[in-house]
Amino acid sequence: MILIMMKSIKEIIEDVLNKKGSHIHFIGIGGKGLNGIARYCLEKGYKVSGSDQNRSLELIDLEKMGANIFYNHRKNNITQKVDLIVFSSVIENDNQEIQKAKDLEIPIVKRSLFLGELMKNFQSISIAGSHGKSTTTALVGLALKEAGADPTIFGGALIKEIDSYSRNGNGANCVVEACEYDRSFHNLIGDISIITAVEKSHLEYYLDEKEMLGAFAKFVALHKKDGMIIYNGDDMNIRKVIGNAKCPIFSFGFNVCNDYVIKNIYYKTDSTCFDLYYERKPVVKDVCIKVPGFYNVYNFASAVITLHKLGLNVESIRKVAKDFNGVGRRFEVSEADDQTVFVDDFCHHPTQVKNLFKGIKQFFPDKKVIAIFQPRQYHLIKTFLKEYGESFKEADTVVVTPILPALGDTESDKNSLETSDIINAIKRYSGKKKVFFAKDFKQVLENIYKIKGKRIITTIGAGDIYKVKDMYVKTS
């Protein structure tokens, strides 16, 4: 898709960034991946335009800053005055603006390549891994901010403390979420990188788990000798690939064989507390976080280690821990009435679903749990059908909505799976429980109303299932 020219695409991006007032057009500008980059470019004085299908608060903000936004994808959006086209991973090859840019011989570049060039202006910190990237990106960014480093952040979920996916700072550091989908993270190698977890995923792109592990192995190998990798040493898949590193590496986890060891963890119904040791000496003690689960302890530990390695005040993590309630759509708790608490979570992998229920049982141990599951992406669900079936053991009632198609789904995928297959898998592998199908959100609410008493309603999925809460509040 990238035009073949005498200069390399990286040299072209560098020329555009070095030219005052360059015009950069973003296809998919409303997406969480491109929105923050567009904001950064506006604040740096570039002319910004972009296209997306839906109007949003983020796009309205960009318009107020001076961006020219088109709410469609059309050839007429692109003129010869555009210096560079940047597109997100969800944009298809036949996009009209891509085709027009080719006709006009305007350079076209993937988001990750463009962001990789922006990172060269900073001491960069990349956050990679199958799970925990968005939360860890937020935590590292907030910890650096609290420590006075004034970082730039390019995140993948809403960071509530700054009310944005991204942040433009004046400091030397930037923090970047580096996704493994379509090998984008190979363009986002940090001076420091954190690897949170590696588990079989994105098999709509990778042929199999072996190929995915190979991509992580290459990510590790691409780091310069003077770089650094901080990794979850309790994760056996990470240990399989970390041997490719040419740079210093530092492991963390509960196992005493790690470089940084998490100790003295204890779980309460409103917090989780732990100590972190390095070379048998405490780095921080009795840090209490307000988000549940051992997996969030890993995320916070990696943020502490980043501060430690940068020579910043590790005690800054306490203020972050006091205020942090999670990023948008990650264990997002809201009370609907005196009987009902909603917990919304974007989780779209069976391991994440299991962890969600562990968190619910920690914070709400005695309440009924109603799970509203909106499955998304046929290929993903088909690949992990048994694992999804096993994920709902801690729920008392499960309501399943129709499957949403997503990027990477083929007609074969769509024809090979029905919602009833998911329902049967839950009944088979998660024990005897009530599992219902709801054809729409109205039927979801009808099922909720039938269940009396104090309850947790958790909305699960990467689609728009979070809207159920608003509908419930309006109709209750």
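A few remarks follow.
- The range 75-140: GluC sites (Glu not before Pro) in DSSP loop, at most 11 other beta carbons within 10 Å: GLU92, GLU105
- Candidate lysines - alpha carbon under 30 Å from LYS75, same-chain residues fewer than 8 apart omitted: LYS7, LYS10, LYS19, LYS20, LYS32, LYS44, LYS47, LYS64, LYS100, LYS102, LYS110
- Most to least packed among 381-391, 465-475, 194-204 [average Cβ atoms within 10 Å]: 194-204, 381-391, 465-475
- Label-to-label distance, nm, for residues given as CYS288 and ASP396 (7 Å Cα→Cβ offset): 2.9 nm
- Cα-based Rg / Dmax (Å) for the range 9-114: 12.3, 34
- Shown here for the range 6-37: trypsin sites (Lys or Arg not before Pro) in loop regions (DSSP other than H, G, I, E, B) with at most 10 other Cβ atoms within 10 Å, namely LYS20.
- Value of [θ]222 nm, deg cm²/dmol, for the chain, DSSP H segments ≥ 4, -39500 (n - 2.57) each, nearest 500: -10000 deg cm²/dmol
- Percent of C-alpha pairs per 5 Å bin in the range 332-475, short distances first: 2, 10, 22, 25, 21, 12, 6, 2, 0, 0.
- Calculation over all alpha carbon pairs of the range 138-208 in 5 angstrom steps from 0 returns a P(r) of 4, 15, 23, 21, 17, 11, 6, 3, 1 percent.
- Potential lengthening of the chain between ASP150 and THR269 amounts to 39.5 nm, from the contour at 0.36 nm per residue minus the alpha-carbon distance.
- With pairing defined as another cysteine C-beta under 4.7 Å, the cysteines of the chain that fail it are CYS41, CYS174, CYS179, CYS247, CYS257, CYS347.
- Debye intensity ratio I(q)/I(0), log10, the range 122-323, q values 0.07, 0.11, 0.15, 0.17 Å⁻¹ (C-alpha model): -0.18, -0.46, -0.88, -1.14
Bear in mind that the values in this text are calculations on the coordinates, not laboratory data. Since this is a predicted model, take the numbers as computed values, not measurements. Positions of Cβ are generated from backbone atoms using ideal geometry, with glycine treated the same way; all protein chains shown enter the neighbour counts.
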